[in-house]
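Worksheet: one structure, shown below.
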Amino acid sequence: MAELLIIWHSRTGGSQQMAEAAYHAAQPEGPARIMRAEDAQPDDLLAASGYLFCAPENLASLSGQMKEFFDRCYYPVLGKIEGRPYAQMICAGSDGQGAARQLARIATGWRLREVQPALILCTHAQTPEGILAPKNLTDDQLQPCREIGAAMAAGLALGVF
């Protein structure tokens, strides 16, 4: 059966909350698994039918731990996951576009199929204290994450993707 794999990294909790919201909404729709980026391996990617990547933007690019996941897994799965669907969610202080572009470029190299534009959740953290503070996202902020998780899992279960 088609399985959605949600891979996330978070420094201050925002991206983790986003990934967990997507995961909990995905489960009733079809098989879903959630993994921290540092734990995910190439075999996990190969076993899944679709992907939801969730990470913070740090200094206008993907967080280091998420980038390390892609660095570690890129070549072992290259040419083996082409055409599989993916979506991405970025937690950012102000913009998020740099991280979204970077992730999309990696996914293009893998020849993944984007099934929706990147969701960028802006926390408006602009001071060092605000940027480093633990994030507590609202239910309204997490609702689009739930919608993506549910839609991805349902699409995989129904063979839409």
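Suppose the filter is surrounded by 20 or more Cβ atoms within 10 Å (Cβ to Cβ), out of contact with any strand residue (DSSP E or B) (no Cβ under 7 Å at 6 or more places or on another chain) and of a type outside the set (A, V, I, L, M); does residue 54 pass it?
No.
Please go through the stretch 48-89 and give me each residue that is over 23 Å from residue 116 (Cβ atoms), in contact with a Gly (Cβ under 8 Å, 6 or more places away or on another chain) and not in a loop (DSSP other than H, G, I, E, B), ordered by number.
Answer for the stretch 48-89, where residues must be over 23 Å from residue 116 (Cβ atoms), in contact with a Gly (Cβ under 8 Å, 6 or more places away or on another chain) and not in a loop (DSSP other than H, G, I, E, B): just 58.
Among 60, 47, which is surrounded by fewer than 20 Cβ atoms within 10 Å (Cβ to Cβ) and modelled with pLDDT under 95?
One residue alone meets the criteria, 60.
Return yes when residue 45 is on the phi < 0 side of the Ramachandran plot, of a type in the set (A, V, I, L, M) and assigned to a loop (DSSP other than H, G, I, E, B) and no when it is not.
no
Please count how many residues of the stretch 135-161 are among the β-branched types (Val, Ile, Thr) and open to solvent by less than 50 Å² (accessible area, probe 1.4 Å).
Residues that pass the stated criteria total 1.
Can you give me the number of residues within the stretch 90-118 that are assigned to a loop (DSSP other than H, G, I, E, B) and under 24 Å from residue 131 (Cβ atoms)?
So the answer is 5.
Given the residues 112, 132, which is the only one that is open to solvent by 10 Å² or more (accessible area, probe 1.4 Å), aliphatic (A, V, I, L, M) and over 17 Å from the mean Cα position of the chain (by Cα)?
Of 112, 132, the one residue that is open to solvent by 10 Å² or more (accessible area, probe 1.4 Å), aliphatic (A, V, I, L, M) and over 17 Å from the mean Cα position of the chain (by Cα) is 132.
Run down 90, 120 and say which single residue is of a type in the set (Val, Ile, Thr), in contact with a strand residue (DSSP E or B) (Cβ under 8 Å, 6 or more places away or on another chain), over 13 Å from residue 152 (Cβ atoms) and surrounded by fewer than 20 Cβ atoms within 10 Å (Cβ to Cβ).
120
Inspect the stretch 94-109 for any residue being at pLDDT 95 or above, on the phi > 0 side of the Ramachandran plot and surrounded by 20 or more Cβ atoms within 10 Å (Cβ to Cβ) and give the result as yes or no.
Yes, some residue in the stretch 94-109 is at pLDDT 95 or above, on the phi > 0 side of the Ramachandran plot and surrounded by 20 or more Cβ atoms within 10 Å (Cβ to Cβ).
(1) part of a helix (DSSP H, G or I); (2) under 22 Å from residue 97 (Cβ atoms); (3) not aliphatic (A, V, I, L, M): which one isn't true of residue 149, the others all being true?
(2)
Within the stretch 10-24, how many residues are open to solvent by 20 Å² or more (accessible area, probe 1.4 Å) and not basic (Lys, Arg)?
Going through the stretch 10-24 one residue at a time, the tally reaches 7.
The values are calculated or read from the model by the stated rules, or taken from the named source; none is laboratory data. As the structure is a computational prediction, the values presented were derived from the model and not from experiment. Reconstructed Cβ throughout: ideal geometry from the backbone, glycine too, with neighbour counts over all protein chains shown. Calculation scope for accessible area: heavy atoms of the full protein, side chains included, ligands and nucleic acids excluded. Shrake-Rupley method; radii C 1.70, N 1.55, O 1.52, S 1.80 Å.
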